[in-house]
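The structure under discussion appears below in the form of structure tokens.
The values are calculated or read from the model by the stated rules, or taken from the named source; none is laboratory data. Since we're looking at a predicted model, the values are computed, not measured. We place every Cβ from the backbone using ideal geometry, glycine too, and count neighbours over all the protein chains shown. SASA here: full protein model, heavy atoms, side chains in, ligands and nucleic acids out. Shrake-Rupley method; radii C 1.70, N 1.55, O 1.52, S 1.80 Å.
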Amino acid sequence: MKLYTAAIPLLAFCATAACDTVNLRVSRDATVSFNGILCQNDTVPCSSIPRGLDSSVTAFKGNRDYSRILVGFDLPTNKPSQCVLRIPPATSDGGYQLTVARTDDVWEEATVSGYTKRLDGTIVGSVNSTDSSAPGSLDVSSVCDGSASRRLSFFVDTDRAMVTFNSLQSGSPDIFTLDYTF
């Protein structure tokens, strides 16, 4: 019922004006670690290692360390009437909740790490999934039009120990996407 209720304002708007929706694939994504753990034979802080070119992205919540997923989209120039973040199927032990926060667009996939990207952002909303093969979507319209650079970035966090998704580099069609209606 929620889906129909949320769609009514969009349908009313589109009935009076021509609306188009494009499905935008994520333009860049990464796992960003924030922790004090050492990697590479205990010589390098794990949070300093860029993980933007890996074949998967992971949100992880541990006792003293955590990782968040960072996703970025390149937006069309048209002013949106609605934006919906589509969550792809995941690998997880059971259900989970994802919290999505709008963050700045100053990062590049190949170099972003816990040392180069501040953990900040404004929470847009959360989505619950009881089945990792069908996690759902989240309306992010409230922050979709706020970027002069035409780039939109989100941190994705979890309430579970670990949730893993395909990244852009996986070659899979099952990645984060954004339905952009204008």
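So here's what we get for this one:
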read-out: Condition met for THR77 (open to solvent by 30 Å² or more (accessible area, probe 1.4 Å), more than 28 Å from LEU38 (Cα to Cα) and part of a loop (DSSP other than H, G, I, E, B)); value: yes
read-out: Selected residue (only one of VAL112, VAL127 is outside any loop (DSSP other than H, G, I, E, B), surrounded by 15 or more Cβ atoms within 10 Å (Cβ to Cβ) and β-branched (Val, Ile, Thr)); value: VAL127
read-out: Odd one out for PRO50, checked against (1) outside any loop (DSSP other than H, G, I, E, B); (2) at pLDDT 95 or above; value: (1)
read-out: Where a residue in segment 158-175 is farther than 16 Å from SER92 by Cβ and open to solvent by 20 Å² or more (accessible area, probe 1.4 Å) and its partner, wherever it lies, is β-branched (Val, Ile, Thr) and assigned to a loop (DSSP other than H, G, I, E, B), with Cβ under 9 Å and at least six apart; value: LEU168/VAL26; LEU168/ILE175
read-out: Qualifying residue in segment 32-47 (condition: without any contact (Cβ under 8 Å) to a residue 40 or more places away in the chain, part of a strand (DSSP E or B), farther than 17 Å from MET162 by Cα and among the aliphatic types (A, V, I, L, M)); value: yes
read-out: Tabulated pairs, segment 48-71, first more than 21 Å from THR177 (Cβ to Cβ), second among the acidic types (Asp, Glu) and surrounded by 15 or more Cβ atoms within 10 Å (Cβ to Cβ), C-beta under 9 angstrom, 6+ apart or interchain; value: PRO50/GLU109; LYS61/ASP157; TYR66/ASP157
